[in-house]
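The values are calculated or read from the model by the stated rules, or taken from the named source; none is laboratory data. These numbers were taken from a predicted model, which means no experiment stands behind them. Note that each Cβ is placed from the backbone with ideal geometry, even for glycine, and that neighbours are counted across all protein chains shown.
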Amino acid sequence: MITPLIIKRFGKLAVFIACCAPLLWLILKIFAVGPLQLGPNPIENIQDTLGIWGLRMLCATLALTPLTWVTGPSLIRFRRMLGLFAFTYCGLHFLNYLILDQTFDFAAIIEDILKRPFITIGFLGLLTMTPLAITSTNNWRRKLGRHWKHLHRLVYLTVILACWHFYWQVKKDLMEPLIYCLIIAVLLGLRIWRIYRHK
Amino acid sequence: MLIRQKPVIRSFQITPEHNYLNRRDFIGSTALAGTSLLFAPGCAGADDKTPAANPEVNSFEDITRYNNFYEFGLDKEDPAKLSGAFNTSPWSVTIDGEAEITGKFNFEDIIGPHAIEERIYRFRCVEAWSMVVPWNGISLSNVLQRFKPTSKAKFVAFETVYRPAEMPGQRRGVLDFPYREGLTIAEAMHPLTLLATGLYGVDLPGQNGAPLRLIVPWKYGFKSIKSIVRISFTETRPYTTWSDAMPAEYGFYANVNPEVDHPRWSQARERRIGSGLFAKKQPTLMFNGYGDEVASLYTGLDLTRHF
Ligand code: HEM
């Protein structure tokens, strides 16, 4: 039985390990451990893996609040960790782009950000996450008071930008990004529904 | 670019006919050893080397595991994984349209009269990655001329096989299958344009477009249609799958051009597959480096508008 006590004791560790798993898997692939491999285009593989996990973690973060309506508030303790993992995966996704993909070619990067809509949107997505990660500490939370909550509503914008970025970089088959659009629409729609129901 | 002048023995002449189409394990076979390969201007590299020993050439593994062939699936690994049920023997090609000789011909009849050459070409995908591939094949023009195209033949259209039972990607209908491509007659008759039957001295694997595909080395890879079952001489510009599906993103010509970006990504540089985690992207060359040979095909054409 998973009791609230067990969740309290071991929950965070379990979530932490689960969130590290995709990154560890990727690292094993980078070092070609056993049969694991990145394949013929390793940089693209890293880019895509980190991007998709960033998006998944964002969705997971947003799923917690609606879940607590059903399960009670104990799950909310994982929200900060999930959010920070989302930021970590998205940040590494950007670092892979910066370092391995573009090899610090800043002229090309600036051109990409200004000229390629899907990069512009992704970059804005990362920008909107950054203040949320910085102000995630208890200290900042106390300092900002009720503004903290307002500021952190930015995450709704982040997740829309992230999904839009995914949608725009796909060549033809929109199935996967549309699935994420649907998930995000449900997660945001639930919140709107709740606001109206309580009025 | 590199053309081996000496004819190679065709695989169906050295292997019993019933299994030659399914054979995929002859890498570095004796047919390739010790022959002289000639580099034409525009391609850096060594001479007197088999493809496997030439550092510029991609490995057989990379070439056969990283494919865009939506007929089998959208991921690059899908074609290698999902082409097992694809049966290319027997194979026939329909030749029709503006030519004196038309009809349905066996693969052997199409290829039979010609000597197979080896050509090492750069291959540039519209997605900004590239490879160097040692193809085996015939100049398309040599084949086309046998069918005596008439003066009305201004374009050549190509069509990929449509077999949803063997090609899982076709069942999903992401593109308007069967896949179709086309060239102007001058492009089709250009000596660099290759009708490929193999790579690395073995028959084309399913994922690379078995048993017969086009290679137009100065154009983005999507022009180089795979698993061809129809070649038509036409008077008007034929339907071409990508450029008709998304005309803002893909053009009919699709010449490699570092100065004309795809609306969603830059074409100025490319990632060479197999160059590892720490290699820089390399600059993309106009006409993929084949400008000396092909630029004259496009004099007077505004390549920014006709991309
Ligand atoms: C909110 C932050 C971001 C999220 C959630 C995100 C997510 C994604 C996802 C899901 C993909 C598609 C992966 C796939 O094809 O399977 C992707 C691709 C990509 N992202 Fe991001 N991204 C973010 C920010 C950025 C930023 C800041 C940049 C660079 C400035 C960037 C550059 C790219 C590139 C270049 C690709 C395409 C890789 C390819 O061609 O396969 N992303 N991203």
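Yes or no, residue by residue, for (1) within 14 Å of another protein chain (Cβ to nearest Cβ); (2) at pLDDT 95 or above; (3) within 28 Å of A:N41 (Cα to Cα):
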| residue | (1), (2), (3) |
| --- | --- |
| B:I3 | no, no, yes |
| B:Y20 | no, no, no |
| B:G42 | no, no, yes |
| B:E98 | no, yes, no |
| B:I116 | no, yes, no |
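Output the number of residues of the range A:110-122 satisfying the condition of being near the ligand (Cβ under 9 Å from one of its atoms) and either crowded, with 18+ Cβ neighbours inside 10 Å or facing chain B (nearest Cβ under 10 Å) (or both). Spell out how you get there, then give the answer.
Step one: filter the range A:110-122 for residues near the ligand (Cβ under 9 Å from one of its atoms), giving A:112-113, A:116, A:118-122.
Keeping just the survivors that are either crowded, with 18+ Cβ neighbours inside 10 Å or facing chain B (nearest Cβ under 10 Å) (or both) gives A:112, A:116, A:118-119, A:121-122.
The qualifying residues number 6.
Taking the range A:63-86 as the region of interest, how many residues are away from the ligand (no atom under 16 Å from the Cβ) and either touching a Lys or Arg at 6+ places or on another chain (Cβ under 8 Å) or farther than 20 Å from A:L5 by Cα (or both)? Steps first, please.
Let us first name the residues in the range A:63-86 that are away from the ligand (no atom under 16 Å from the Cβ), namely A:64-81.
With the extra rule that they be either touching a Lys or Arg at 6+ places or on another chain (Cβ under 8 Å) or farther than 20 Å from A:L5 by Cα (or both), the set shrinks to A:64-66, A:69, A:74, A:77-78, A:81.
Residues in the range A:63-86 being away from the ligand (no atom under 16 Å from the Cβ) and either touching a Lys or Arg at 6+ places or on another chain (Cβ under 8 Å) or farther than 20 Å from A:L5 by Cα (or both): 8 in total.
Residue-by-condition table, conditions (1) within 14 Å of chain B (Cβ to nearest Cβ); (2) within 13 Å of the ligand (Cβ to nearest atom); (3) over 17 Å from A:M57 (Cα atoms):
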position	(1), (2), (3)
A:R153	no, no, no
A:A162	no, yes, no
A:L188	no, no, no
A:I192	no, no, yes
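List, please: which pairs have Cβ atoms under 7 Å, are six or more places apart or on different chains, and start with a residue in the range B:97-108 that is within 22 Å of B:K154 (Cα to Cα) and end with one that is at pLDDT 95 or above and among the basic types (K, R)?
From residues that are within 22 Å of B:K154 (Cα to Cα), the pairs are B:E98/B:K152; B:A99/B:K148; B:E100/B:K148; B:I101/B:K148.
Could you check B:V156 against (1) within 14 Å of chain A (Cβ to nearest Cβ); (2) at negative phi; (3) surrounded by 21 or more Cβ atoms within 10 Å (Cβ to Cβ) and say which number it fails?
Failed condition: (1).
I'm trying to understand the selection: among the residues of the range A:26-51, which are within 18 Å of the chain's Cα centre (by Cα) and either more than 16 Å from the ligand (Cβ to nearest atom) or free of Cβ contacts under 8 Å to residues at least 12 places away in the same chain (or both)?
As a first pass, look at the range A:26-51 and keep what is within 18 Å of the chain's Cα centre (by Cα): A:26, A:45-51.
Within the range A:26-51, just A:D48 meets the criteria.
Could you list, in sequence order, all residues of the range B:261-307 that are of a type in the set (A, V, I, L, M), buried (at least 16 other Cβ atoms within 10 Å of the Cβ) and either within 14 Å of another protein chain (Cβ to nearest Cβ) or in a strand (DSSP E or B) (or both)?
B:A268, B:I273
Here are the criteria: (1) over 22 Å from the mean Cα position of the chain (by Cα); (2) in contact (Cβ under 8 Å) with a residue 24 or more places away in the chain. Tell me which single one A:L82 does not satisfy.
(1)
Suppose we keep only residues that are within 14 Å of another protein chain (Cβ to nearest Cβ) and touching a helix residue (DSSP H, G or I) at 6+ places or on another chain (Cβ under 7 Å) within the range B:79-96. Which one would you say is farthest from B:Y200 (Cα to Cα)?
Of the residues in the range B:79-96, the ones within 14 Å of another protein chain (Cβ to nearest Cβ) are B:79-81.
With touching a helix residue (DSSP H, G or I) at 6+ places or on another chain (Cβ under 7 Å) added as a condition, the list becomes B:79-80.
Values: B:P79: 18, B:A80: 16 Å.
Ranking the candidates gives B:P79 first.
Looking only at the range B:163-220, filter to residues that are under 11 Å from the mean Cα position of the chain (by Cα) and within 14 Å of chain A (Cβ to nearest Cβ); which one of those is nearest to B:V143 (Cα to Cα)?
Going through the qualifying residues, I end up with B:N208.
Within the set of pairs 6 or more residues apart or between chains, which connect a residue that is without any contact (Cβ under 8 Å) to a residue 40 or more places away in the chain and outside any helix (DSSP H, G or I) inside the range A:113-139 to a residue that is of a type outside the set (S, T, Y) and near the ligand (Cβ under 8 Å from one of its atoms) with Cβ atoms less than 8 Å apart?
A:R116/B:W265
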